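Please treat every number below as a calculation from the coordinates, not as lab data. In this text the structure is predicted, and so the values were computed from the model without any measurement. Don't worry about glycine lacking a Cβ; one is built from the backbone with ideal geometry, like all the others, and counts go over all protein chains shown.
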Amino acid sequence: MYIFKQPRIGGEVTCHQDATFLYAEPLGLLGLWFALEDATIENGCLWAISGGHKLGLKSRFMRVEGGGTRFEVFDSTPWPEDKLQPLEVKKGTLIVLHPLLPHLSRENRSSKSRQAYTLHVIDAAVDYPEENWLQRSPDMLLRGF
C-alpha cells in the first residue's frame, strides 16, 4: 500500500492492530513500513503504544455470512493513548510492526508531504481463516506451497 499524506491535508489513521484486519493462526504476520520521506510529528509520522502488543487482540474484521463485514470485539476498553510514542524516522528507514502492536498516524499539519510504502507479509505455514474479510481469488498465482 502506497501512503501519500499531502501537505496540510493528509488524514489521520486511527489506532489499530494489523492482526485485526489480517488475522492468522498463529499470528504469523509482519507489517513492513518503509519511509519514502522523513516522517515527523508535524507531517503525520507513525505513533505506537510501547509494549501494547502484550494487550492481546482487541478486535477482528470479518466477513458476514450472506455478504458484508463486521468487527468481532474481544476487548472494548479504550487504547491507553497516553502511552503512544512518536516514531519519527528519516527517509529510507524500515519500521517492522508486530501484528498486535497498536499504532496510528495523525494528520499532516506541515507544508511537507509524508510518503511511505507498507507491505504485510503472512507466513505460508499459518492458517488464514476463510472468515477473514480479505481473501485471495483461487486462481491467483503464488498461493502457499
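Full-extension gain between Arg8 and Phe74, please, as 0.36 nm times their residue separation minus the C-alpha to C-alpha distance. Spell out each step's value before the answer.
Details: separation 66, 0.36 × 66 = 23.76 nm, distance 3.55 nm.
That works out to 20.2 nm of additional length.
I need the calculated FRET efficiency for the pair Asp82 and Ser110, taking r as the beta carbon distance and R₀ as 22 Å, to the nearest 0.05.
On the way: r = 24 Å, r/R0 = 1.09.
Computed FRET efficiency for Asp82 and Ser110: 0.35.
Efficiency by 1/(1 + (r/R0)^6): what FRET value for Leu57 and Val121, r their Cβ-Cβ distance, R0 = 25 Å, to the nearest 0.05?
On the way: r = 18 Å, r/R0 = 0.73.
It comes out at approximately 0.85.
Across the range 21-139, how many lysine pairs, 8 or more apart or on two chains, come within less than 18 Å at their alpha-carbon atoms? If you can, show how the numbers build up before the last one.
Values: Lys54/Lys83; Lys58/Lys83; Lys90/Lys112; Lys91/Lys112.
Step by step, the pairs that qualify in the range 21-139 add up to 4.
Whole Å is fine, so just give me how far the alpha carbon centre of the range 1-62 lies from that of the range 68-99.
Between the Cα centres of the range 1-62 and the range 68-99 lies a distance of 5 Å.
Using +1 at the C-beta of Lys and Arg and -1 at the C-beta of Asp and Glu, which of Leu29, Pro78, Ser113 has the Cα lying farthest in the positive direction of the dipole of the range 2-122?
Farthest towards the positive pole: Ser113.
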